[in-house]
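Visitor: The structure's right below; bear with me while I get my questions together.
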Amino acid sequence: MDRETRVFAESHFRGLEGRLPSRACLKLDRVDFIEKPDSFSYAEFFKGYLLPNLPCVFSSAFTEDWGSRRLWVTPSGKPNFDYLLQNYGDVVVPVANCGVQEYNSNPKEHMPLRDYISYWKEYIQGNYSSSRGCLYLKDWHLCRDFSAEGVFTLPIYFSSDWLNEYWDALDVDDYRFVYMGPTGTWSPFHADIFRSFSWSVNICGRKKWFFFPPGQEEALRDCHGGLPYDVTSPTLLDSRLHPMRDRCGPPLEVTQEAGEMVFVPSGWHHQVHNLEDTISINHNWVNGCNLANMWHFLQQELSAVQQEVIEWRDTMPDWHHHCQVIMKSCSGINFEEFYHFLKIIAERRLLLLAKGMSPGQVEGGEDTGLGPQQAVFDIGRIAEVLESVVVHPDFQRVDTSTFSPRPEALLRQLEEAVAATTSL
């Protein structure tokens, strides 16, 4: 990030005055297509798509050097089953049954990749039909068990990725996934975890995306308040079941070709269908641009949990603590872990500035794609959100006595760093 981009971004957030961006329905009739890597800078992506939270599609030229596009795909553009079996056949992978609805998702099982590929071949031979249903390999954490080297290269546009930086620091998890499945596999209507951004590259095959800007999903709720499972279902046309459907415009449709890369903005609900036998690599990520969205989402999640168990508030010992426990089991994170997430990223940015390291380097020489201007921007965004966290009544009920540093002390550090770097 250069200084001009940082100043532009800080002005953007000052204009919001701590509010989330307007949820008014956007009037978009197309998604921008970015053709040439050499003529599209990080600053252009940051200002044109990341800050305004708008989707875009990058051409296959951005991923043409990826090893997976060469090794995982046959010369005819189909999945290279032989290569995948030889290199990953014994890996146990999660597989969803697209033909079975379980709430607003699909039930999952686990099996060795070789068994899934055997099913996939039989499915193709059976004219894309099987008594076992329509199975979709989803959320395979390839990078947890194997190096990404030779598979893909993280695009510079998505290099400020706090979510995976945090989990890499803990060395327990990540939000980097491989999806693969035959024609007809699909992902039901949803918004990404924690209101993260995501990016998705088709290694081979084609996908059809249905996008709805933030806020439009509210008009799709049924008469019981539930969001739809499938936005292509004819039941959405029934005004008795979906009384507000007329208030929602048509989805923004995108057909993603092989090698192309889709940027999915924060809070955009979407549904995705594989039009061919398809393999994709996908990341979820959070940074300073959508951190406030994540914090707002977590407050909503806790409020929903509290409403579910409100009847036991006066009789259950440590009711507020139990709400945090339930929230973590349902959402994967609670207020305590959110603070630790902020702390890890904040400390790494403060260290980068304190040691005067060259752009892109943190302790140990790890290349993060960060520079001093990005670190200053990040510190400012963390400070603004942490200021909201420490005064939240439910966070004040969290036992922070063992936290190091204490939240208020970390906030002071960040505010001092912001003041000291105004002229950087």
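Visitor: Restricting to the range 300-338, and then to whatever is open to solvent by 30 Å² or more (accessible area, probe 1.4 Å) and among the small types (Gly, Ala, Ser), can you tell me which residue is nearest to the chain's Cα centre (by Cα)?
Guide: By that ranking, first place goes to GLY332.
Visitor: Which residue is most open to solvent (accessible area, probe 1.4 Å), if the candidates are limited to the range 120-163 and must be over 30 Å from TRP295 (Cα atoms), touching a residue at least 40 places away in the same chain (Cβ under 8 Å) and hydroxyl-bearing (Ser, Thr, Tyr)?
Guide: TYR128
Visitor: Yes or no: TYR42 touching a residue at least 40 places away in the same chain (Cβ under 8 Å) and open to solvent by less than 60 Å² (accessible area, probe 1.4 Å)?
Guide: Considered against the rule, which asks whether it is touching a residue at least 40 places away in the same chain (Cβ under 8 Å) and open to solvent by less than 60 Å² (accessible area, probe 1.4 Å), TYR42 comes out as yes.
Visitor: Sticking with this structure for a sec: Of all residues in the range 86-103 being part of a loop (DSSP other than H, G, I, E, B) and open to solvent by 60 Å² or more (accessible area, probe 1.4 Å), which is farthest from ILE117 (Cα to Cα)?
Guide: Taking the candidates together, the pick is TYR103.
Visitor: Right, another one. Collect the residues in the range 173-187 that are open to solvent by 10 Å² or more (accessible area, probe 1.4 Å), more than 8 Å from the chain's Cα centre (by Cα) and not small (Gly, Ala, Ser), keeping them in residue-number order.
Guide: Of everything in the range 173-187, those that are open to solvent by 10 Å² or more (accessible area, probe 1.4 Å), more than 8 Å from the chain's Cα centre (by Cα) and not small (Gly, Ala, Ser) turn out to be ASP173, ARG176, PHE177, TYR179, THR183, TRP186.
Visitor: What number of residues within the range 335-389 satisfy the criterion of being at pLDDT below 90 and within 21 Å of ASP174 (Cβ to Cβ)?
Guide: 10
Visitor: While we're on this one: Regarding PHE194, is this residue open to solvent by less than 40 Å² (accessible area, probe 1.4 Å), among the aromatic types (Phe, Trp, Tyr), touching a strand residue (DSSP E or B) at 6+ places or on another chain (Cβ under 6 Å) and touching a residue at least 40 places away in the same chain (Cβ under 8 Å)?
Guide: When the stated conditions are applied, PHE194 does not pass them.
Visitor: On the given criteria, is HIS283 open to solvent by less than 60 Å² (accessible area, probe 1.4 Å) and outside any loop (DSSP other than H, G, I, E, B)?
Guide: When the stated conditions are applied, HIS283 passes them.
Visitor: Still on this model: Test each condition in (1) part of a loop (DSSP other than H, G, I, E, B); (2) open to solvent by 40 Å² or more (accessible area, probe 1.4 Å) for ASN53 and report the one that comes out false.
Guide: (2)
Visitor: Collect the residues in the range 143-197 that are in a helix (DSSP H, G or I), among the charged types (D, E, K, R) and in contact with an Asp or Glu (Cβ under 9 Å, 6 or more places away or on another chain), keeping them in residue-number order.
Guide: Of everything in the range 143-197, those that are in a helix (DSSP H, G or I), among the charged types (D, E, K, R) and in contact with an Asp or Glu (Cβ under 9 Å, 6 or more places away or on another chain) turn out to be ARG144, ASP168.
Visitor: Condition first: small (Gly, Ala, Ser), farther than 16 Å from PHE212 by Cα and in contact (Cβ under 8 Å) with a residue 12 or more places away in the chain. Now tell me which residues in the range 227-258 satisfy that.
Guide: Matches in the range 227-258: ALA258 only.
Visitor: Give me the helices (runs of 4 or more DSSP H) completely within the range 370-424, filtered to those with at least 1 residues that are basic (Lys, Arg), ordered by residue number.
Guide: Filter on the range 370-424 gives 372-390, 407-420.
Visitor: For the range 386-424, give me each residue that is β-branched (Val, Ile, Thr), surrounded by 13 or more Cβ atoms within 10 Å (Cβ to Cβ) and within 14 Å of GLU336 (Cα to Cα).
Guide: Listed by number, the residues that qualify are VAL389, VAL390, VAL398, THR400.
The values are calculated or read from the model by the stated rules, or taken from the named source; none is laboratory data. In this text, all values refer to a predicted model and were calculated from it rather than measured experimentally. So basically every Cβ, Gly included, is an ideal-geometry build from the backbone, and we count neighbours across all protein chains shown. Surface areas here come from the heavy atoms of the whole protein model, side chains and all, with no ligands, DNA or RNA. Shrake-Rupley method; radii C 1.70, N 1.55, O 1.52, S 1.80 Å.
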